Amino acid sequence: LNLAHFKAIVDSSDDAIISKSINGIVASWNQSAEVIFGYTADEMIGQSLKNIIPPDRLHEEPGILASISRGEKVNHFETQRMHRDGHLVDVSVTISPIYNAEGQVIGASKIARDISMAKAAEAEIHRLAFYDSLTGLANRSLLNDRLSQAIIKSCRDSRVFALLFLDLDNFKILNDTKGHDAGDELLKEAALRLKEV
């Protein structure tokens, strides 16, 4: 492949394709990197890749660079990076070492896939499975899970725990006389007050 053909392949990818020096300085930045992270190639080339790493994720970069220095590949590492406007982007990253003619590692190529939509869908599935859609409170499945954990911990640590049962007086009467919408409003308000305390 000639250089122009190779560049066309890289630029047509939906994934961010980035190369960096062994010190984490950006050497190349394709069009999808511009879309995913909000910075142009001119803004990022020559800059530290730390510009897109959230402060609470900065600890990841030294470990990644150490692995690359040893010639190891980092496969499908899920993390978050920061868009230029400040919002976090969920990414799956594969990083491979780049070698010079003498076989020494001189940098890394990184392919980052935006998995934000998949992560949001996963979170929504979890929410629907374990939380009541009306009140946002934990549902019976989550209660059973946490209760099982509490029982196991109690037995293991020889400690007791308490379970509080809460009842809404006359709820059925309200539902029957004022309708389910009124009952729903009462449940939402009760849930809100429980969350506040």
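Which residue, of Ala27, Ala16, Ala33, is in contact with a helix residue (DSSP H, G or I) (Cβ under 7 Å, 6 or more places away or on another chain) and among the aliphatic types (A, V, I, L, M)? Among Ala27, Ala16, Ala33, only Ala16 is in contact with a helix residue (DSSP H, G or I) (Cβ under 7 Å, 6 or more places away or on another chain) and among the aliphatic types (A, V, I, L, M).
Residue under question is Asn100, and the condition is that it be at pLDDT below 95 and open to solvent by 60 Å² or more (accessible area, probe 1.4 Å); does it hold? Taking the combined requirement at face value, the residue does not satisfy it. So His87 ticks every box in (1) open to solvent by 70 Å² or more (accessible area, probe 1.4 Å); (2) closer than 15 Å to Ile17 by Cβ but one. Which box is left unticked? Status for His87: all satisfied but (2).
Checked against (1) closer than 30 Å to Asp56 by Cα; (2) open to solvent by 50 Å² or more (accessible area, probe 1.4 Å); (3) in a loop (DSSP other than H, G, I, E, B), Asp167 passes all but condition (1).
Among residues of region 16-30 that are farther than 17 Å from Pro62 by Cβ, those with a Cβ under 6 angstrom from a residue that is of a type in the set (Phe, Trp, Tyr) and outside any loop (DSSP other than H, G, I, E, B), sequence gap 6+ or separate chain, pair up as Ile18/Trp29.
List pairs: first residue in region 34-48 and outside any helix (DSSP H, G or I), second residue charged (D, E, K, R) and open to solvent by 20 Å² or more (accessible area, probe 1.4 Å) anywhere in the structure, Cβ distance under 7 angstrom, at least six positions apart or on different chains. These pairs meet every condition: Gly38/Arg84; Gly38/Asp85; Tyr39/Arg84; Thr40/Glu34. Yes or no: Ile95 more than 30 Å from Leu142 (Cα to Cα), touching a strand residue (DSSP E or B) at 6+ places or on another chain (Cβ under 9 Å), open to solvent by 30 Å² or more (accessible area, probe 1.4 Å) and not in a loop (DSSP other than H, G, I, E, B)? The answer is no for Ile95. A count restricted to region 126-136 and to residues that are open to solvent by 50 Å² or more (accessible area, probe 1.4 Å) and modelled with pLDDT of 90 or more stands at 4.
Give me a count of the residues in region 42-65 that are over 20 Å from Ile98 (Cα atoms) and not acidic (Asp, Glu). Qualifying residue count, region 42-65: 8.
Of note, Val89 satisfies the criterion of being outside any loop (DSSP other than H, G, I, E, B) and either modelled with pLDDT of 95 or more or not aliphatic (A, V, I, L, M) (or both).
Using the structure shown, decide if Lys110 is open to solvent by less than 80 Å² (accessible area, probe 1.4 Å), in a helix (DSSP H, G or I) and among the charged types (D, E, K, R). No: the conditions fail for Lys110. Taken residue by residue, region 138-156 has no member that is polar (S, T, N, Q), exposed (fewer than 10 other Cβ atoms within 10 Å of the Cβ) and more than 30 Å from Val10 (Cα to Cα).
Quick check on my filter: what residues within region 1-39 are in contact with a Phe, Trp or Tyr (Cβ under 8 Å, 6 or more places away or on another chain) and open to solvent by 30 Å² or more (accessible area, probe 1.4 Å)? Scanning region 1-39 gives a single hit, Tyr39.
The values are calculated or read from the model by the stated rules, or taken from the named source; none is laboratory data. Computed from a prediction, not measured in an experiment: that's the story for all the values here. Using ideal geometry, Cβ is built from the backbone for each residue, glycine included, and neighbour counts are taken over all protein chains shown. Surface accessibility is based on the protein's heavy atoms, side chains included, excluding ligands, DNA and RNA. Shrake-Rupley method; radii C 1.70, N 1.55, O 1.52, S 1.80 Å.
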